[in-house]
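Asker: Before I ask anything, here is the structure I am working with.
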Amino acid sequence: MAIQTRASAQMYLAVALAMVGAATFGLDQGNFGNVQAFESFRAEWCVGRYGDAESCSELGSLQNDRWQDFVTWGASLITFGAAAGAVLLGPFVTHQLGRKPCIQMGGAVCFMGCLMASYLSFHNVAEFFLGRFITGLGVGLSCFALPLYNAEISTPQIRGATGSIFQLNVVIGCFVSCLVTLLDDDWYFGMVLPGLAGALLVLGGFFLPESPRFLMEKMVHQHPEEAFKCGLRSLKRIRSGDVKPEADQIFEQIRAEMETKHMGFRDLFRDPNLRKRVLIACTLVIGQQATGVNAFLGYAATLFKECGIENPILFDSIFNSIMILGCIAGLLLVDSPYAGRRSQLLVATALMGPPLTIAGFALRFGWPRIITMASVIIYGVGFQFAWGTIPWIYPAEIFSMSEKESAVSCAVGVNYVANAAVVYLTPGLMKWSTPGTLQIFGLLNILNALFVFLYIKETKGVPLEDIPKLFRPRSASTSVRLKAVKANPPHVAPAAVVQGEGFRAPQGVGPLLRLTAGALAVGYRRSTRRAAVQRGAGAKVVAPAVIQAAPAGSAASWRERHWFPIASTLELDPQRPTPVRLDGVDLVVWQVPGEEDAEDEGWRVMSDACPHRLAPLSEGRIEPTTKCLQCAYHGWEFNSEGHCTKIPQVEEAAAEKMRQNSRSQVRSFPTKIAMKLVWVWLGESEPQGHPKDLVKGSHLESEFEVAGTYTRDLPYGYDSLVENLIDVSHVPFAHHGLQGTRDDAVPVSMTIPEMKSSNEHGEILSFTFWDRTMGMRREAQFSLRSPFFFFYLGEFKGDGDNLEFKKFSERRGSTEPDGKPRFRLNCACVPVAPGWSRLILANASRGGDLDSILPPWAIHLLSNRFLDSDLAFLHYQERKLRAKAAGPDGWSSAYYMPGESDRSIGAWRQWLAKDTASCRYDRGAIATLPAGQRRSAESLGAAHRQLQALPRGLQQHGASSEGCCGTLPGGVGWSSDATGTHLSVFAQ
């Protein structure tokens with residue numbers, strides 16, 4: 001829950017004073033880039049040691065390799081020292097002594113190092129280099145603690161702006177050093193400038209308040225009451241108004257983390273969510289260095305001289321002064337309603353990559369010098385607008401207290417190592433080609449834009465305690481509901497839907513696809529609600545606590561014997577209720593705040609109807625203070641057990657009696673979590689067993705760790721879905737080009753399937769088969785463990801002398817205990833509604849698999865293509881089967897299946913009939929394609945691509961205009977009929 005707090009003047013003063021530590025880094029970046037060009041500096045360190053007067057002159061030094069090595073090491077050692085300070089010393093000092101002592105210690109060490117590299121260098125190279133390293137050590141210590149200190153004392157509303165002061169001080173430091181070195185060419189004074197800022201930091205640190213979070217965390221184990229009081233006192237110094245709610249929230253978070261010890265560096269890579277955040281933070285700071293800014297700052301005089309600028313030190317001063325303006329603009333916008341972390345990074349990259357590329361061409365082809373100068377200045381403004389500030393504040397925001405010290409240390413250390421790499425490589429690049437150097441950095445900026453677009457999430461205004469939740473995996477799959485398959489829809493709302501607040505598309509997919517998904521979802525839900533009202537006209541009203549429908553694809557007894565998988569926890573939004581239809585029942589899935597660590601992770605499944613006026617609870621919200629599900633229509637609230645806890649329209653005394661009436665309750669179903677899936681018990685009897693029992697006795701029992709899931713609702717019934725998935729012979733033809741080709745078709749061998757009743761444990765349907773796919777022979781076993789869960793386990797086999805198979809075997813088998821290339825597929829299939837089913841794929845975490853390399857959204861796009869390729873076949877096949885077949889055994893006369901490869905299909909149909917599964921075909925609700933518009937799988941795939949290419953304005957118009965019948969380009973349009981508004985795809 002976000003608590004609104006107000007910053008006091010002392011908080012601003014504390015942040016401004018602490019951020020002087022950033023000026024130490026800026027002063028050094030600016031001073032050494034200019035000092036190295038001083039004649040007095042070359043006379044001190046070059047003449048007589050690395051060359052004579054001629055080879056150490058202004059022009060001769062550029063070609064003096066030994067001197068350039070000295071300069072490179074002088075520039076690099078500060079960054080190596082900073083990395084050591086951030087990684088080796090920073091976490092220890094901040095954890096044991098606090099954020100404030102770490103900042104002060106860094107200032108003191110920096111001051112000592114600057115003296116050793118200037119007045120106390122005694123013309124000794126080793127002394128000079130040691131001083132540079134120690135200077136970096138101090139810079140790393142203070143710069144490690146500064147983002148932590150800022151994130152913990154600033155309010156969420158301005159945390160980004162105050163964090164941006166870090167980079168502002170860096171830029172001001174660069175500008176001051178440029179100005180000083182422009183007016184005074186005494187290299188001793190130039191080199192000691194960072195130390196003066198360090199001394200100021202030591203003295204000013206005595207007036208800084210310590211972080212309230214640190215004070216509470218340090219004492220909470222032994223003296224919790226005193227810890228709270230100390231933190232509260234510190235918080236009062238940096239806040240105005242009532243600070244107790246914020247103190248309570250901080251203390252509660254720390255208490256929740258008491259059982260979790262502070263993580264070491266190895267711990268950062270064990271949890272997938274944490275590993276993802278660490279990699280994002282490290283990649284972000286590497287991207288900051290890849291912009292090339294430290295090539296401009298570390299070798300300013302040399303680089304600008306190479307660019308043909310006559311007075312490089314003067315231009316460097318102008319360059320840094322203009323960059324201050326870019327930094328101030330970024331600082332003002334980073335927490336404003338008009339920008340944020342992600343958007344500013346993208347805008348800044350657009351201002352950096354193209355100008356650098358243009359500057360490279362200008363130098364290469366001798367264009368006017370003003371083009372180069374203007375391009376470099378635009379680049380500098382763009383860098384300070386975002387890339388100079390946000391990579392310092394973002395890593396400190398995305399980690400919890402127990403993770404923060406090690407994770408931020410890792411990010412800061414990587415930052416300085418990347419800085420050192422850029423500083424070290426730049427002289428060689430410039431010697432090779434100055435235009436080429438600029439163009440390489442221009443290309444790296446374009447790659448930065450791609451990274452930000454795919455992986456950076458907006459943290460503006462989000463409390464620190466809630467930010468890690470933003471990085472939980474979400475589904476990137478967007479189910480496109482076509483009028484071509486307009487059925488009795490509301491199954492699982494796509495990940496793009498946000499109840500009551502428009503829509504949210506999955507992170508990592510393009511804005512056009514997100515808008516399309518949102519428009520489809522909004523129009524789809526509207527049509528669904530109207531269609532439901534029309535279908536229910538005149539029907540008997542059923543109490544919401546009772547299941548609304550007979551089985552839509554399962555046997556009636558299955559509800560009393562089996563757990564139903566309903567959705568993936570990796571794809572559900574924990575902050576909003578999600579509507580789900582399962583076996584003809586409308587349900588809502590939501591997570592109780594604060595119960596994420598419980599066995600069921602706080603997930604609840606309830607009937608999706610408020611007993612008051614039957615409004616869908618999935619359109620409501622999760623109230624963070626009461627931890628209840630609130631109906632969006634009249635505000636009634638229901639707890640995790642389905643009991644009504646609030647009726648706002650009635651006085652509390654009367655409401656208490658009303659809430660005791662059983663009719664005020666919503667049915668809450670038993671829920672379990674297994675294999676990262678939510679399982680629900682739909683029956684009236686006491687739940688039996690646990691979904692985890694399904695993998696007992698199989699290879700999955702010991703090795704199954706779900707790394708990702710993929711969910712999709714399909715316009716054909718549950719029986720047709722499973723029939724398709726156990727049909728191994730269709731793959732070479734229906735999925736030609738996706739998994740092998742038609743040339744893979746060979747006679748398939750298959751054992752006679754073994755069948756048991758669904759009320760038995762273990763395998764209830766199993767067989768082994770031998771076929772060929774992707775040019776390789778394959779042997780695999782199929783095992784159905786419940787009516788709703790099965791898996792394949794197989795092995796690829798090939799000619800031992802075949803080079804391609806050897807490569808494939810080495811790659812796929814590298815993660816297997818026996819080294820053999822395995823084939824794995826784990827599926828949950830459930831009935832949704834007549835003619836609709838849901839497929840959930842659970843991907844195990846194995847380093848050599850494709851899903852461990854590609855991001856989830858890419859895996860989902862590939863999976864969509866795979867399912868689209870035979871979607872039309874299955875849709876029409878099911879319609880024809882229902883038209884021909886009379887009863888559950890009608891398939892035997894409708895199908896002609898003489899081959900051995902058809903044994904699995906016959907066994908599946910026989911098993912269904914014996915278990916009395918009711919895969920009914922309700923003609924009033926089944927998916928229907930418009931007459932005369934039959935299309936192949938290829939044309940459906942093309943229609944899907946057309947939807948993704950809709951113009952943005954038309955998407956928004958179609959989503960907001962229910963009566964809109966205007967046809968959109970490419971055979972796509974919105975239309976209305978008796979069942980609602982639909983997005984139609986017409987054959988061309």
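The values are calculated or read from the model by the stated rules, or taken from the named source; none is laboratory data. Just so we're clear, the structure is a prediction, and the values are computed from it rather than from any experiment. Heads up, the Cβs are rebuilt from the backbone with ideal geometry, glycines too, and the neighbour counts pull from every protein chain shown. For accessibility, only protein heavy atoms count, side chains too; no ligands or nucleic acids. Shrake-Rupley method; radii C 1.70, N 1.55, O 1.52, S 1.80 Å.
Listed here are the residues, each with its yes/no results for (1) touching a helix residue (DSSP H, G or I) at 6+ places or on another chain (Cβ under 7 Å); (2) of a type in the set (D, E, K, R); (3) more than 30 Å from residue 218 (Cβ to Cβ).
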| site | (1), (2), (3) |
| --- | --- |
| 8 | yes, no, no |
| 41 | yes, no, yes |
| 48 | no, no, yes |
| 59 | no, no, yes |
| 80 | yes, no, yes |
| 99 | yes, yes, no |
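Asker: How many residues does region 278-295 contain that are open to solvent by 10 Å² or more (accessible area, probe 1.4 Å) and either under 17 Å from the mean Cα position of the chain (by Cα) or β-branched (Val, Ile, Thr) (or both)?
Answerer: So the count comes out to 4.
Asker: Would you point out which residue out of 282, 230 is touching a Leu at 6+ places or on another chain (Cβ under 8 Å) and in a helix (DSSP H, G or I)? Please lay out each step first, then the result.
Answerer: Numbers: 282 fails: touching a Leu at 6+ places or on another chain (Cβ under 8 Å).
Being touching a Leu at 6+ places or on another chain (Cβ under 8 Å) and in a helix (DSSP H, G or I) holds for just one of 282, 230, which is 230.
Asker: Here is a further query. Just to be sure I understand the filter: pairs with C-beta atoms under 9 Å, separated by 6 or more residues or on different chains, first member in region 838-849 and farther than 18 Å from residue 581 by Cα and small (Gly, Ala, Ser), second member at pLDDT below 70 and crowded, with 18+ Cβ neighbours inside 10 Å. Which pairs pass?
Answerer: Listed by first residue and then by second, the contacts come to 842/704; 844/704; 844/851; 845/851; 848/812.
Asker: Another one. Need pairs with beta-carbon distance below 6 Å; first residue over 11 Å from residue 20 (Cα atoms) and within region 192-204, second open to solvent by less than 10 Å² (accessible area, probe 1.4 Å) and among the hydrophobic types (A, V, I, L, M, F, W, C); sequence gap 6+ or separate chains.
Answerer: 192/114; 195/110; 195/114
Asker: So if I check each of 193, 200, which one is aliphatic (A, V, I, L, M), open to solvent by 50 Å² or more (accessible area, probe 1.4 Å) and assigned to a helix (DSSP H, G or I)? Don't jump to the end; show me each part of the working.
Answerer: On the way: 193 fails: open to solvent by 50 Å² or more (accessible area, probe 1.4 Å).
Of the residues listed, the single one that is aliphatic (A, V, I, L, M), open to solvent by 50 Å² or more (accessible area, probe 1.4 Å) and assigned to a helix (DSSP H, G or I) is 200.
Asker: Which residue is modelled with the lowest pLDDT, if the candidates are limited to region 216-243 and must be within 33 Å of the chain's Cα centre (by Cα) and under 22 Å from residue 8 (Cα atoms)? Working first, answer last.
Answerer: First pass over region 216-243, keeping only residues within 33 Å of the chain's Cα centre (by Cα): 216-218, 220, 231, 235, 238-239, 243.
Restricting the remaining residues to those that are under 22 Å from residue 8 (Cα atoms) gives 216, 231, 235, 238-239, 243.
On the way: 216: 88, 231: 85, 235: 86, 238: 85, 239: 86, 243: 82.
Filtering region 216-243 for residues that are within 33 Å of the chain's Cα centre (by Cα) and under 22 Å from residue 8 (Cα atoms), the one modelled with the lowest pLDDT comes out as 243.
Asker: Further question on the same structure: Going through region 572-592 one residue at a time, which ones are free of Cβ contacts under 8 Å to residues at least 60 places away in the same chain and part of a loop (DSSP other than H, G, I, E, B)? It would help to see each step written out before you state the result.
Answerer: Here is the first cut: in region 572-592, the residues free of Cβ contacts under 8 Å to residues at least 60 places away in the same chain are 588, 590-592.
Scanning region 572-592 gives a single hit, 592.
Asker: Look through region 297-339, keep the residues that are assigned to a loop (DSSP other than H, G, I, E, B) and either open to solvent by 50 Å² or more (accessible area, probe 1.4 Å) or charged (D, E, K, R) (or both), and return whichever of them is modelled with the highest pLDDT.
Answerer: Kept after step one, since they are assigned to a loop (DSSP other than H, G, I, E, B), are these residues of region 297-339: 299, 307-311, 334-339.
Checking which are either open to solvent by 50 Å² or more (accessible area, probe 1.4 Å) or charged (D, E, K, R) (or both) leaves us with 310-311, 335, 337-338.
Details: 310: 75, 311: 80, 335: 74, 337: 76, 338: 77.
Filtering region 297-339 for residues that are assigned to a loop (DSSP other than H, G, I, E, B) and either open to solvent by 50 Å² or more (accessible area, probe 1.4 Å) or charged (D, E, K, R) (or both), the one modelled with the highest pLDDT comes out as 311.
Asker: Identify, please: which residue in region 752-779 is in contact (Cβ under 8 Å) with a residue 60 or more places away in the chain, within 19 Å of residue 905 (Cβ to Cβ) and in a loop (DSSP other than H, G, I, E, B) and is, among those, most open to solvent (accessible area, probe 1.4 Å)?
Answerer: It comes out as 752.
Asker: Let me ask something else about it. Is there any pair with a first residue in region 333-345 that is in contact (Cβ under 8 Å) with a residue 40 or more places away in the chain and a second that is surrounded by 24 or more Cβ atoms within 10 Å (Cβ to Cβ) and in a loop (DSSP other than H, G, I, E, B) whose Cβ atoms are under 8 Å apart and which are 6 or more apart or on different chains, and what are they?
Answerer: Taking only residues 6 or more apart or on different chains, the pairs are 334/389; 340/334; 341/334; 344/334.
Asker: Quick one: what pairs do we get from region 302-326, first residue on the phi > 0 side of the Ramachandran plot, second in a helix (DSSP H, G or I) and open to solvent by 20 Å² or more (accessible area, probe 1.4 Å), C-beta under 8 Å, 6+ apart or different chains?
Answerer: So the pair list comes out as 308/363; 308/369.
Asker: Could I ask something else about it? In region 23-52, what residues are among the hydrophobic types (A, V, I, L, M, F, W, C) and not in a strand (DSSP E or B)? Give the derivation first.
Answerer: We begin by selecting, within region 23-52, every residue among the hydrophobic types (A, V, I, L, M, F, W, C); these are 23, 25, 27, 32, 35, 37-38, 41, 43, 45-47.
Residues satisfying the conditions are 23, 25, 27, 32, 35, 37, 38, 41, 43, 45, 46.
Asker: Suppose we filter region 441-466 for residues that are part of a helix (DSSP H, G or I) and in contact (Cβ under 8 Å) with a residue 24 or more places away in the chain; how many remain?
Answerer: 14
Asker: List every residue pair whose Cβ atoms sit under 7 Å apart, with the two residues 6 or more apart in sequence or on different chains, where the first one lies in region 601-614 and is more than 16 Å from residue 582 (Cα to Cα) and without any contact (Cβ under 8 Å) to a residue 60 or more places away in the chain and the second, anywhere, is in a strand (DSSP E or B) and not hydroxyl-bearing (Ser, Thr, Tyr).
Answerer: Qualifying pairs under 7 Å: 602/591.
Okay, residues lined up against (1) free of Cβ contacts under 8 Å to residues at least 40 places away in the same chain; (2) buried (at least 24 other Cβ atoms within 10 Å of the Cβ); (3) in contact with a strand residue (DSSP E or B) (Cβ under 9 Å, 6 or more places away or on another chain); (4) farther than 19 Å from residue 283 by Cα:
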site	(1), (2), (3), (4)
350	no, no, no, no
361	no, no, no, yes
371	yes, no, no, yes
378	yes, no, no, yes
402	no, no, no, yes
415	no, yes, no, no
421	no, no, no, no
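Asker: Applying the selection to region 632-650, what residues are surrounded by 13 or more Cβ atoms within 10 Å (Cβ to Cβ) and over 19 Å from residue 589 (Cα atoms)?
Answerer: Step one: list which residues in region 632-650 are surrounded by 13 or more Cβ atoms within 10 Å (Cβ to Cβ), which gives 632-640, 642-647, 650.
Scanning region 632-650 gives 634, 646, 647, 650.
Asker: Any residue that is within 30 Å of residue 838 (Cβ to Cβ), open to solvent by less than 40 Å² (accessible area, probe 1.4 Å) and in contact (Cβ under 8 Å) with a residue 60 or more places away in the chain - is there at least one of those in region 651-665?
Answerer: Of region 651-665, the ones within 30 Å of residue 838 (Cβ to Cβ) are 665.
Filter once more, so that each one left must be open to solvent by less than 40 Å² (accessible area, probe 1.4 Å): none.
No; the residues of region 651-665 include none that is within 30 Å of residue 838 (Cβ to Cβ), open to solvent by less than 40 Å² (accessible area, probe 1.4 Å) and in contact (Cβ under 8 Å) with a residue 60 or more places away in the chain.
Asker: If you don't mind, there's one more thing I want to ask. Can you name the number of the only condition in (1) of a type in the set (Lys, Arg); (2) farther than 23 Å from residue 150 by Cβ; (3) within 34 Å of the chain's Cα centre (by Cα) that residue 213 fails?
Answerer: (2)
Asker: Residues of region 727-746 being crowded, with 20+ Cβ neighbours inside 10 Å and aliphatic (A, V, I, L, M), which ones?
Answerer: 728, 731
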